[in-house]
1. Distance from the Cα centre of segment 10-53 to that of segment 130-145, in angstrom?
2. Highest mean first, what order results for 164-174, 12-22 on Cβ atoms within 10 Å?
3. Would you mind working out the magnitude of the charge dipole of segment 124-240 relative to its Cα centre, with +1 at each Lys and Arg C-beta and -1 at each Asp and Glu C-beta, to the nearest 20 Debye?
4. About the Cα centre, and with charges only on the beta carbon of Lys, Arg (+1) and Asp, Glu (-1), how big is the dipole of the chain? Nearest 20 debye, please.
5. For the chain, what is the mean residue ellipticity at 222 nm derived from helices alone (per DSSP H run of n ≥ 4: -39500 (n - 2.57); sum divided by total residues; nearest 500 deg cm²/dmol)?
6. If you only keep lysine pairs separated by 8 or more in sequence, or across chains, how many in the chain come under 20 Å at the Cα atoms?
7. Taking Cα pairs under 8 Å and at least six residues apart, what relative contact order does segment 11-246 come out at, in percent?
8. Along segment 121-131, what does the Karplus equation 6.51 cos²θ - 1.76 cosθ + 1.60 (θ = phi - 60°) give for ³J(HN,Hα), rounded to whole Hz, x for Gly and Pro?
Amino acid sequence: MVSHDRNSSSVALVTGGGTGVGLAIATALAEAGWQVVITGRRGQILDDAAARLVSKGLAVTGIVADLADPAAVKNLFAEVVSVHGRLNLLVNNAGINAPPLPLEEIDFSDWNAVLASNLTSAFLCTQHAVRLFKTQSPKGGRIINNGSVSATTPRPNSAPYAATKHAITGLTKATSLEGRAHNIACGQIDIGNAASEMTDTISKGVLQADGSIRAEATIDPRNVADAVVYMAGLPLGTNVLTLTVMANAMPFVGRG
């Protein structure tokens, strides 16, 4: 575990924070003055990412956790509280995709893996965050879920990913509703074609709804991270329920 002390009262936990969009979000939050915990399954990647940010004078800690494991999530939140005393922000960003196949050809193990990583992990982390937000003093906090534009419009051959991202929208709204009375805000950022390992093939050529293969425009993940910093910096009486940040030229509006 790599850590760096900084005099700040705002603590953020970013899941899937060691690479890609998650790392961009963690970096932007830390640069904005947050104490940031990044978490995921791959310890070396987390340590390397945290070390790079710490070397820049940023307040970052890496904690390894399998976010689909209830016991591991419980231990993660216990460690966050032990080190920082509270939590102000949870960013549910962790996620994977399945091989691009017609839904009738998808292996059950791939379905379960996507469900565990994209939805179950967000649910478990949300549960623990809400419990903590209700009991800490002062009480309250914010949750921002990574919904993806697939939360509203799927790509061809993406049933597991699209199903979990649609479900994230339901989780976001349910959490927002239940959190109102407890000073808990929950919103969702729907991201379209932010450049990362997961979207590497998009800029080279990807299947479209009309059956053609086309390269698509991408955006710098920092554009997404800046939007998250904006959402995170609002007072808890104000919530961005949904926000879409996408490559303007991507074939999303009117897709299909």
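Here, each number is a calculation from the coordinates, and none is a lab measurement. What you see is a predicted model, and the numbers here were worked out from it, not measured in a lab. We place every Cβ from the backbone using ideal geometry, glycine too, and count neighbours over all the protein chains shown.
1. Segment 10-53 and segment 130-145 have Cα centres spaced 20 Å from each other.
2. 12-22, 164-174
3. For this selection, approximately 500 debye.
4. The calculation lands at about 820 debye.
5. Mean residue ellipticity, 222 nm, calculated: -12000 deg cm²/dmol.
6. Taking the chain as the scope, the lysine pair count is 4.
7. Computed value for segment 11-246: 19 percent relative contact order.
8. Along segment 121-131, the couplings run 4, 5, 5, 5, 5, 5, 3, 5, 5, 5, 4 Hz.
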